[in-house]
Amino acid sequence: MIILIGGFLVSMIPAAAMYFWLKKKGGATDPEAYKLLCREALKNGFLSTVVVLPMSAVFAFILNRFGMTREASVLGAFLHTFLVLAFAEELSKSLMWRKTLKKAEYSYSWLDMIAFMVIVSIGFELLESVLYAIGSGPIHMFVRGITLMHGGYGFIEGWFYGKAAYTGKKWYAVIGFVISWVLHGAYDFGLSSQFEAAAGENYAFLSVSLALLALIIFIVMIVFFAKKKKTQYTEPLHTDEK
């Protein structure tokens, strides 16, 4: 039990540390307003875990009606992972990110948009980690913690959402969502027992590769926020995202 609790607490550290660090990295146009919106983003991230429930329930109901249950086949597990889990979760986080921007009373920047999306994702991940602690082992929780999967995919989405606002080309937002959805689905499916059975002796290599990819995305995110930003990332955006 002590090991389990320790693994859970350690898994929470990267997400919590990232949140407090991000509060210091943005807000070039209005630091105080930015910090307030960071808190709003975190709150909305927590709420996204509630928003996702009805969406997941609808997708699960549809798949079950067609006999595509998670236990029935590898295809059922694949569809369940990519729709009931990954798609519903990414959509709920995206909606709560937009809700966060609507609260903005200052001209936020591209960098701010990325940070808010990451923070919403962190809020989701923190509460989800509590649920995963039930029935998960300390190693599983530790891997989820150090890869900060939701935060990394939130970074990808946030960058493309900001690109869409900066260029006025909305299809960038679609690209960002699809990339995050596919990577998220692949990560979750790679941890499933159905994938383990289908992959056979290659399971360990494939699952570790997916975890390493999530870790690489996390490292890229850290480097991005740590570097001195180009003006395009810090100047105010005039966007219709509100």
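The share of accessible area on the chain that comes from carbon and sulfur is 70 percent, using a 1.4 angstrom probe. For the chain, pairs of C-alpha atoms spaced more than 29 angstrom apart make up 28 percent of the total. Computed over protein heavy atoms with a 1.4 Å probe, the accessible surface of the chain works out to 49 Å² per residue. Of the GluC sites (Glu not before Pro) found in region 31-99, those that fall in a DSSP loop while having at most 16 other beta-carbon atoms within 10 Å are GLU71. If eta is 0.890 mPa s and T is 25 °C, what Stokes-Einstein diffusion coefficient results for region 144-238, Kirkwood Rh from Cα pairs, in µm²/s? In µm²/s, the coefficient is 166.
What ranking do 162-171, 119-128 get when scored by the average of other Cβ atoms within 10 Å per residue, highest first? Don't skip to the answer; put the middle values down first.
On the way: 162-171: 16.3, 119-128: 25.5.
The packing order, highest mean first, is 119-128, 162-171.
GNM remark for the chain: springs join alpha carbons under 10 Å apart, and the peak mean-square fluctuation among PHE195, PHE78, PHE205 falls on PHE205.
Quick check: net charge around MET55, other residues with Cβ under 13 Å of its Cβ, Lys/Arg +1 and Asp/Glu -1? Write out the running numbers ahead of the final one.
On the way: positive: LYS93; negative: GLU89, GLU90.
Summing Lys and Arg as +1 and Asp and Glu as -1 gives -1.
Note on the chain: with a GNM built from Cα contacts shorter than 10 Å, the maximum mean-square fluctuation among LYS25, LYS230, LYS93 falls on LYS230.
The values are calculated or read from the model by the stated rules, or taken from the named source; none is laboratory data. Note that the coordinates shown come from a computational prediction; the quantities given were computed from them, not determined experimentally. Positions of Cβ are backbone-derived with ideal geometry, glycine not excepted, and every protein chain shown enters the neighbour counts. Areas reflect the complete protein model, heavy atoms only, side chains present, ligands, DNA and RNA absent. Shrake-Rupley method; radii C 1.70, N 1.55, O 1.52, S 1.80 Å.
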